[in-house]
Amino acid sequence: MDLSLTDEQTQIRDMARRFAETELAPCASQLDRKDNERPILLANLKKLAELGFMGLNVAASYGGAEAGTVAFSLAVTEVARACASTAVTLSVTNMVAEVIQAVGSEPQKKRYLPKLCSGEYSAGSFCLSEAGAGSDPAAMTTRAIPDGDTWVLNGRKMWISSAEYAGVFVVWAVTDPTQKKGKGISCFLVEAGTPGLIIERGEHKMGQNASATNGVIFENCRVPRDALMGRLNDGFRIAVGELAGGRIGIGSLALGVGSAAMDYARRYITERKQFDATIASMQGPQWMLADTYTELEAARLLLMSAAATKEKKQPFMKQAAMAKLYATEAANRACYTALQLLGGIGYSREYPLERYARDVRVTTIYEGSSEIQRVIIARELLKEIA
């Protein structure tokens, strides 16, 4: 099996790494600590779009880079090494673009994809979760009712990434409550600024502070009949499929944060001395390095396998769940191991380890918690022998 990257994949990875090092790393701490630095984030998102990173798996005819899922995973990892907040916006916006490309009508693709890929829209948002429908999205209560030549949406979504600066929202709502759970749900495209679309105050979070996370209210929000995306009452299937791709993105993000933490700790322990010797010369810290880097490499290979399987248009639900589960859990362990290697100063804001530890924590929760990934993996394993 050839695990080497193509020339294009290598170029995209290296471009993302250079951008992360020169543009994102110098301002990541500033973005994390201050509430009034949104223009910096938006400027960086625009630059990423101009480099082709907002439509990595979108056809060139719609303004995308047409680089594939492996390149997407590599890019998210490199961006996350510098700024997890920017990386999550990159990941979700690509996911929004991919779902529009996959099930949108031709007019919908022509209308929205170029705006997402070019950066005319700073981001796209994925409106699925609700207060009572997180791990169980089929339990959603947001409704869409036909009224003449429009649909009227009412409901409230929760934990919506980039809602404050998104240009378009992919929204799921119940269109036929008489059907059994998960079957009467449809998918809609709602533009920012539509009357009745209300963005609530941003959440005060533990980490990834530069990325906005908001509640989104639909209050008699009218959208045209052609805002329906895909087939009527087929929305839940669309959501399940796109979430699988999103898990590759979040796993890749976690890998980037965990790798950055361990790289920082590795450099530090070669310089820091205790008991007249560098910490790196001691067997205990050496084994911590060996075990953690082995886990991160295993995570990378799982992500590459899932990304390559998706790119070949083969079923990848199990691979994506395995990759997301392992990469996010390994990255959490890596960040805490790195902080432990730094000792007391790792707990100080003067060093980036505490930010890495805060930023990585949510990766085992959003885009499907670790517990949900285990449910999916077990279900797919049992289906294989059914």
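The values are calculated or read from the model by the stated rules, or taken from the named source; none is laboratory data. Predicted model, so just to flag it, every value in this text is computed and none were measured. Don't worry about glycine lacking a Cβ; one is built from the backbone with ideal geometry, like all the others, and counts go over all protein chains shown.
Has the stretch 359-370 got at least one residue that is of a type in the set (D, E, K, R), at pLDDT 95 or above and more than 21 Å from the chain's Cα centre (by Cα)? So far as the stretch 359-370 goes, no, none of its residues is of a type in the set (D, E, K, R), at pLDDT 95 or above and more than 21 Å from the chain's Cα centre (by Cα).
With respect to the stated conditions, L51 fails to be touching a Ser or Thr at 6+ places or on another chain (Cβ under 8 Å) and under 20 Å from Y165 (Cβ atoms).
Scanning the stretch 145-160 for residues that are closer than 29 Å to T86 by Cβ and either charged (D, E, K, R) or buried (at least 24 other Cβ atoms within 10 Å of the Cβ) (or both) gives R156, K157, I160. Counting only helices (runs of 4 or more DSSP H) that sit completely within the stretch 55-123, those holding 1 or more residues that are without any contact (Cβ under 8 Å) to a residue 40 or more places away in the chain and over 14 Å from the mean Cα position of the chain (by Cα) correspond to 106-118.
Based on this model, can you work out whether T178 counts as among the hydroxyl-bearing types (S, T, Y) and free of Cβ contacts under 8 Å to residues at least 60 places away in the same chain? So T178 fits the description; yes.
Pairing each residue of the stretch 219-232 that is not assigned by TED's automatic domain parsing to the domain that holds V99 with any residue that is loosely packed, with under 13 Cβ neighbours inside 10 Å and not charged (D, E, K, R), provided the two are 6+ apart or on different chains, yields C-beta distances under 8 Å for C221/P195; R222/P195; R225/P146; D226/P107.
You will find that of L296, L301, the residue that is in contact with a Gly (Cβ under 7 Å, 6 or more places away or on another chain) and in a helix (DSSP H, G or I) is L296 and no other. Just one residue in the set A227, A261, A254 is at pLDDT 95 or above and farther than 29 Å from A138 by Cα; that residue is A261. Restricting the stretch 329-386 to residues that are of a type in the set (F, W, Y) and assigned to a helix (DSSP H, G or I), the residue that is nearest to Y264 (Cα to Cα) is Y356. Exactly one residue among L45, L31 is surrounded by fewer than 24 Cβ atoms within 10 Å (Cβ to Cβ) and at pLDDT below 95, and that residue is L31.
Here's the yes/no breakdown for (1) under 19 Å from I376 (Cβ atoms); (2) modelled with pLDDT of 95 or more; (3) among the aromatic types (F, W, Y):
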residue	(1), (2), (3)
Q274	no, no, no
D291	no, yes, no
L303	yes, yes, no
M322	yes, yes, no
Y326	yes, yes, yes
E329	yes, yes, no
A334	no, yes, no
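Taking (1) on the phi < 0 side of the Ramachandran plot; (2) modelled with pLDDT of 95 or more in turn, E130 satisfies each apart from (2). Looking across L74, L90, one residue alone is closer than 24 Å to A239 by Cβ and crowded, with 24+ Cβ neighbours inside 10 Å. It is L90. Being of a type outside the set (A, V, I, L, M), farther than 23 Å from A28 by Cα and within 22 Å of the chain's Cα centre (by Cα) is not true of G230. Selection of the stretch 191-238 for residues being under 13 Å from L128 (Cα atoms), part of a strand (DSSP E or B) and of a type in the set (A, V, I, L, M) yields V216, I217. For the stretch 7-54, the set of residues classified as in contact (Cβ under 8 Å) with a residue 24 or more places away in the chain and among the hydroxyl-bearing types (S, T, Y) consists of S29 only. With respect to (1) of a type in the set (A, V, I, L, M); (2) in contact (Cβ under 8 Å) with a residue 12 or more places away in the chain; (3) more than 18 Å from S259 (Cβ to Cβ), the lone exception for I345 is condition (2).
Total residues in the stretch 161-190 satisfying the condition of being surrounded by fewer than 20 Cβ atoms within 10 Å (Cβ to Cβ) and polar (S, T, N, Q): the figure is 2.
Every test in (1) within 30 Å of V79 (Cβ to Cβ); (2) at pLDDT 95 or above; (3) surrounded by 17 or more Cβ atoms within 10 Å (Cβ to Cβ) is passed by A239 save one, and that test is (2). Here the stretch 309-322 is the region considered, the condition is being in a helix (DSSP H, G or I) and either of a type outside the set (G, A, S) or in contact with a Phe, Trp or Tyr (Cβ under 9 Å, 6 or more places away or on another chain) (or both), and the residue that is surrounded by the fewest Cβ atoms within 10 Å (Cβ to Cβ) is E311.
The C-beta contact set for the stretch 277-297 (first residue in contact (Cβ under 8 Å) with a residue 24 or more places away in the chain, second residue among the basic types (K, R) and in a helix (DSSP H, G or I), distance under 8 angstrom, 6+ apart or interchain) comprises L289/R266; T292/R333; E295/R333.
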